[in-house]
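Here you go, one structure.
Each value in this text was obtained by applying a stated rule to the coordinates, not by laboratory testing. Because the structure is a prediction, the values reported are computed rather than measured. Glycine gets a Cβ as well: all are built from the backbone with ideal geometry, and neighbour counts include every protein chain shown.
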Amino acid sequence: MKPIALITGAAGLIGGYLVRTAARWAQQWEVHGLTRAEADLTDPALVKELWRHHHPQLVVHCAALSRTGACEQDRALARRINVDATRYLADLTRDIPFVFLSSDQVFDGSKAWYVETDGVNPLNVYGQTKAEAEQVVLQNPAHAVIRIALAAGTSPTRDRSFVEDMVRAVAKGTRLTLFTDEFRCPIPAGTLARALWEFVECQQPGLYHLAGSDRLSRWEIGELLVRLYPELRSKIQPGSVADYQGPPRPPDLSMCSDKMQALLSFRLPGFRQWVIDGSQTGNDPWDEPGSDRQ
């Protein structure tokens, strides 16, 4: 029998891609995806029962309260989901590989091209809970933390990626202001999933960054997405983060992924070329070529 890999957050963007691409990139594992509807990971008794039922040999923890607005509105819930649930799982997985997905939001955006040795200074509740959970996970030298960048993809529920948010907003008639001075390193979700599966096989725990190779402003990202979603063209406009009236936004969350890149069999792509290439096919533009959809 194959060893069992447990993927939390399977209804989310990255968890969904990990489950869907397992037939292509993780044939040595029997992959089980857990959704929030199936399991409340903030319930320690339920988590222990799930553990007894599945007996996993690997856990990739994708589940999170990841929308920054929701975290700001309910800090206690953000802590229970992002920190406490991670602590329960990290304790149960103390003797097996555990991969925790963190975020570029642990940084304050005061510089470009963050590396793993840079200090964290989150500006929002989501980033704060992720930074705290990182420390919990890294107490075990056999565990791994992967800080992921802005991911583009098609989620099982069609409402988990920033691309889906944009398309849904403009469908309602909303005009979007995209900042010319806020930078990210977006990455296709299919590529991110492939990299995570390869990383698992490397058995190199620790702290890593996983991002695309292009540093792009939000406005540049939007202009590229018009190639794939023409309906965005008349609904996006440039703006400055300096004029934003909401909670603090890190202006530059670009991350260097050289440490992760050294472990992979393929080059992490630039988002610009990926979108240009993807606009010429009729497939999900965020899937890795050859990925099996289930």
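Return the distance in nm (one decimal) between the two label points of a simple spin-label model at residue 229 and residue 176, each offset 7 Å from Cα along Cα→Cβ.
Between residue 229 and residue 176, the label points sit 0.4 nm apart.
Between segment 124-191 and segment 25-50, what is the separation of their alpha carbon centroids in Å?
Using only Cα atoms to place each centre, the spacing works out to 21 Å.
Please check: in the Gaussian network model of the chain (C-alpha springs, under 10 Å), which one of 194, 75, 52 has the largest mean-square fluctuation.
For the chain, modelled as a Gaussian network with Cα springs under 10 Å, the answer is 52.
Let me ask another. Rounded to two decimals, what ratio of Rg to Rh does the chain give with C-alpha atoms and a Kirkwood Rh? Mind dumping the intermediate values first?
Details: Rg = 18.3 Å, Rh = 19.4 Å.
Reported Rg/Rh (Cα atoms, Kirkwood Rh): 0.94.
A further question follows. Of the residues 269, 156, 141, which exhibits the maximal mean-square fluctuation in a Gaussian network model of the chain defined by a 10 Å Cα contact cut-off?
Of the options given, 141 has the highest mean-square fluctuation.
Obtain the nm distance between the two label points defined at residue 36 and residue 204 by a simple spin-label model: each point lies 7 Å from its Cα along the Cα-to-C-beta direction.
3.4
For the chain, set up a GNM with springs between Cα atoms under 10 Å and report which of 19, 115, 145 has the largest fluctuation.
115
In the chain, what percentage of the DSSP-assigned beta bridges are antiparallel, given to the nearest 5? Display every interim value, and only then the final one.
On the way: 2 of 32 bridges.
The antiparallel proportion sits near 5 percent.
Might you report the magnitude of the Cβ-based charge dipole of the chain about its Cα centre, with Lys and Arg at +1 and Asp and Glu at -1, to the nearest 20 debye? Provide the component values of the computation, followed by the final result.
Numbers: 32 positive and 35 negative charges, 82 e Å.
The dipole magnitude comes to about 400 debye.
What residue among 167, 206, 273 has its Cα farthest toward the positive end of the dipole of segment 153-279, where the charges are +1 on Lys, Arg and -1 on Asp, Glu, each on the Cβ?
167
I would also like to ask the following. Quick check for the chain: number of Lys pairs with alpha-carbon distance under 25 Å, counting only pairs 8 or more apart or on different chains?
6
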